[in-house]
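Encoded as structure tokens, the structure appears first; notes follow it.
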Amino acid sequence: MANRGLVHIYVDGSCAENRDVGPETKAGWGLCVISGDSSSGNGKGELLAEMNGAVVTSHEEEGFLGAEVGSNNTAELSGVAHALKWLLTQHEFDSAIIRCDSKYALNIAAGLWKAKANVELSRRVRLLWEEVSSFISLRGEHVQAHSGHRWNERADHLAYRAVIEEVPLPLQFWKPGQR
């Protein structure tokens, strides 16, 4: 396959109750992969892939990444981890920008901040970031939450649907801001 150059991945996390969180607190992540994104928020570009899932807090469950609790922060970090894992399976891109409305998750992933909580999850995300960075140009960019940016809103929809355990609306029937 021909080299496609740059890909944007929009990541978001969601949590049912973000107070007094524990291992049983429902949290989810969502991401969408866009080729040809203008970053302007108007939804330009081609949707290449989207995925979502629950934050796994049990060592015994498949997909465990180190999250001790379900929270918005563990959901954001899990979303970044899954974006990085997706990039590890792709070979047609030479650069990627992960766009996220969580400065916390981006700074932890890039190694700019040291985690005080979610230490094991943060460590794994950091290792994934380093691995992906070893073969492509990788950077993170903050995007304002709930500001009408189409792809960030789509990632939010995917994350929220993971929390409530419902299938996401198909893109053609979904509108930005619709959870």
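Taken together, the values in this text are just the output of simple stated rules run on the coordinates, not laboratory data. Quantities reported herein were computed from a predicted structural model and do not represent experimental measurements. Ideal geometry is used to build each Cβ from the backbone, glycine not excepted, and the neighbour counts take in all protein chains shown.
Of the beta bridges in the chain, as assigned by DSSP with both residues counted there, near 55 percent are antiparallel. When the Cα atoms of the range 12-66 are aligned to their principal axes, the ranges along those axes come out at 38, 25, 13 Å in descending order. Straight-line cross-link partners of K85 among the lysines, defined as a Cα under 17 Å from its Cα and at least 8 positions apart when in the same chain, are absent.
Taken one residue at a time, the phi angles of the range 153-165 give Karplus couplings (6.51, -1.76, 1.60, θ = phi - 60°) of 5, 5, 4, 4, 4, 4, 5, 4, 5, 5, 5, 8, 6 Hz. Gly and Pro are set to x.
Within the chain, the ratio Rg/Rh, alpha carbon atoms throughout and Rh by Kirkwood, equals 0.95.
For the chain, averaging the sequence separation of C-alpha pairs within contact (under 8 Å, six or more residues apart) and dividing by the residue count gives a relative contact order of 30 percent.
The loop-placed GluC sites (Glu not before Pro) in the range 121-165, going by DSSP, that have at most 10 neighbouring Cβ atoms within 10 Å of their Cβ come out as E165. The packing ranking of peptides 67-79, 14-26, 116-128, 97-109, highest mean first, is 67-79, 97-109, 116-128, 14-26, where packing means the average number of other beta carbon atoms within 10 angstrom of each residue.
With both labels modelled 7 Å from their Cα along Cα-to-Cβ, the E130 to E46 distance reads 3.5 nm.
Roughly what would the spin-label model give for W174 and A16, points 7 Å off Cα along C-beta, in nm? About 2.1 nm separates the two model spin labels. Full extension of the chain segment joining A117 with E24 gains 31.8 nm, where the gain is 0.36 nm per residue of separation less the Cα-Cα distance.
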